[in-house]
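Chemist: Below are the structure tokens for one structure; questions will follow.
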Amino acid sequence: MAEEQGKTGKGINTGKLATSMQKRLSRAQEKVLQKLGKADETRDTAFEEGVANFNKQMAEGTKLQKDLRAYLAAVKTMHDASKRLQDCLADMYEPEWFGKEEVDTIAEETDILWSDYHDKLADNSMIAMDNYLAQFPDIKARIAKRDRKMTDYDSARHHFGSLQKGKKQDQAKIAKAEEELGRAQKVFEEINVDLQDELPQLWNSRVGFYVNTFQSMAGYQQRFHKDMGKLNQDLNDVMTKLDEQRLAKKAGKDWKPGPKKSEAAAANHSVTPDAAPKTDTAVAAAAGAATTAVTNGSSEALPAGVIYKVKAMHDYAATDGDELEMKAGDVVLVLAWENPDEQDDGWLMGVKESHWLENKDLLAKGVFPENFTQKL
């Protein structure tokens with residue numbers, strides 16, 4: 001019994017193989033005849049355009065996936081480099097230096113920002129990209145299957161036509177060929193109709209996918225750079241205070257850190273109900289005092305708008321475009337602020353006296369720390 005079943009199974013497998021080989025041979029012959037112009041080929045210009053768009057869309061998606069992975073790897077590399085740099089700063093930053101705890105906190109928060117940015121890209125953009133491309137292999141396989149079934153249909157159509165045109169017509173063969181043609185046409189049309197609907201839909205979906213992908217990436221980048229910019233500003237403030245501490249120790253002066261420029265500006269711009277507005281009379285009085293002010297016992301009047309003079313006791317390197325760079329020994333003409341609300345605590349506005357003497361204008365003005373100077 002088992003032996004008979006084995007022979008039967010072997011016979012079925014042999015039959016399937018023979019049928020498959022016959023189909024391949026028939027398709028190959030049909031393709032040769034079509035290329036030689038001896039047999040017509042079923043053509044669908046709209047479908048061929050859809051396939052061209054499909055191939056273009058798949059190629060573009062594959063390239064985008066590759067570039068997105070490269071970008072993600074670069075973010076990981078930048079994260080690792082940033083962490084090593086921040087850890088190096090934290091390790092060498094001595095405990096008695098100004099802002100030791102702040103530096104450690106900035107290093108920790110910087111690492112968290114990079115990790116969060118990388119994870120959002122990996123968990124959202126890359127997963128969406130992979131899901132988008134996952135649909136292409138199945139459709140590609142069905143396009144190839146449609147091509148095979150179209151060749152089968154053409155072959156059956158040509159075989160049926162040749163039998164009908166033969167001198168000796170065998171009605172049984174003609175009937176069988178017609179039946180095979182009907183089956184081939186049905187199989188081809190079923191898969192053809194599905195692809196005719198899917199390909200245009202897939203092609204049109206690319207716009208929405210690109211919008212969602214780059215819009216989400218832009219949002220992640222915007223938040224990341226905004227938060228990272230704040231941490232960088234905090235680190236810059238700490239470095240500025242550390243340099244002030246160094247210069248004060250070098251000069252043998254007591255030093256006490258003032259508020260950050262950003263904090264002072266925010267405080268000066270906040271208005272409380274009890275704060276009385278400055279009147280035009282007060283502003284005029286300040287301007288008049290500035291005009292009539294005199295230097296060290298000299299009867300020479302200072303330029304209009306200058307309140308008094310100071311002398312720089314230490315070098316000061318400007319860190320912002322609105323700051324005044326000074327060398328120890330420079331004399332600076334202190335100016336009244338056009339809008340007193342903009343003045344930061346511990347900072348003055350002025351012009352180097354050398355600039356005034358050479359150009360007779362007060363245009364090259366800038367802000368500078370008061371504790372780096374001595375009033376004359």
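Chemist: For the stretch 49-157, rounded, prolate or oblate, judged on the Cα gyration tensor with a ≥ b ≥ c (square roots of eigenvalues), a/c < 1.5 rounded, else prolate if a/b > b/c?
Modeler: Details: a/c = 6.95, a/b = 5.59, b/c = 1.24.
The shape class here is prolate.
Chemist: Next question. So how strong a dipole does the stretch 98-156 carry about its Cα centre when Lys and Arg Cβ are +1 and Asp and Glu Cβ are -1, to the nearest 20 debye? Intermediate values should be presented prior to the final figure.
Modeler: Working: 8 positive and 14 negative charges, 215 e Å.
Dipole of the stretch 98-156, to the nearest 20 debye: 1040 debye.
Chemist: Using only alpha carbon positions, build the gyration tensor of the stretch 112-258, then give the equivalent ellipsoid semi-axes as the square roots of 5 times its eigenvalues, largest first, whole angstrom. Working shown, then result.
Modeler: On the way: eigenvalues 1178, 23, 17 Å².
The three semi-axes for the stretch 112-258 are 77, 11, 9 Å.
Chemist: Follow-up question, since we're still on this one. Looking at this model, which pairs from Lys76/Lys226; Lys83/Lys250; Lys83/Lys226; Lys230/Lys365; Lys311/Lys365; Lys327/Lys375 are more than 23 angstrom apart at the alpha-carbon?
Modeler: Details: Lys76/Lys226 19 Å; Lys83/Lys250 32 Å; Lys83/Lys226 18 Å; Lys230/Lys365 27 Å; Lys311/Lys365 15 Å; Lys327/Lys375 15 Å.
Pairs exceeding the cut-off: Lys83/Lys250; Lys230/Lys365.
Chemist: Still on this model: Say the dipole of the stretch 150-258 comes from +1 at the beta carbon of Lys and Arg and -1 at that of Asp and Glu; which of Gln233, Gln201, Gly252 then lies farthest toward its positive end?
Modeler: Most positive-ward Cα: Gly252.
Chemist: Can you pull the one-decimal nm distance between simple spin-label points at Arg84 and Lys145, each 7 Å off the Cα toward Cβ?
Modeler: Between Arg84 and Lys145, the simple spin-label model gives 5.1 nm.
Chemist: Residue by residue through the stretch 90-99, which ³J(HN,Hα) values in whole Hz follow from phi under the Karplus form 6.51 cos²θ - 1.76 cosθ + 1.60 (θ = phi - 60°), with glycine and proline marked x?
Modeler: Running phi through 6.51 cos²θ - 1.76 cosθ + 1.60 with θ = phi - 60° gives 5, 5, 8, 6, 6, x, 7, 6, 5, x Hz.
Chemist: May I pose another question? Roughly how many debye, to the nearest 20, is the charge dipole of the stretch 133-216 about its Cα centre, given +1 on each Lys and Arg Cβ, -1 on each Asp and Glu Cβ, and no other charges? Please report the intermediate quantities before stating the final value.
Modeler: Numbers: 15 positive and 13 negative charges, 83 e Å.
The calculated dipole for the stretch 133-216 is roughly 400 debye.
Chemist: Pop a pseudo-label 7 angstrom from the Cα along the beta-carbon direction at both Asp320 and Phe214 and give the gap in nm to one decimal.
Modeler: 3.5
Chemist: If a paramagnetic tag sat 7 Å from the Cα of Leu72 along the Cα-Cβ line, which residues of the stretch 123-151 would have the backbone N under 18 Å from that point?
Modeler: 123-136
Chemist: Let me ask something else about it. Taking a ≥ b ≥ c as the square roots of the eigenvalues of the Cα gyration tensor of the stretch 129-199, is the shape rounded (a/c under 1.5), prolate (a/b larger than b/c) or oblate? Walk me through the numbers on the way to the answer.
Modeler: Numbers: a/c = 4.90, a/b = 3.98, b/c = 1.23.
Verdict is prolate for the stretch 129-199.
Chemist: Here is a further query. Work from the charge dipole of the stretch 144-207 (Cβ charges, +1 for Lys and Arg, -1 for Asp and Glu, about the Cα centre) and give the residue of Leu181, Ser155, Gly166 farthest towards its positive end.
Modeler: Final value for the positive-end residue is Gly166.
Throughout, read-outs are computed from the coordinates displayed, never taken from laboratory work. Bear in mind the structure is a predicted one, so any value in this text is a computation, not a measurement. With ideal geometry, Cβ positions are generated from the backbone for all residues, glycine too; neighbour counts draw on all protein chains shown.
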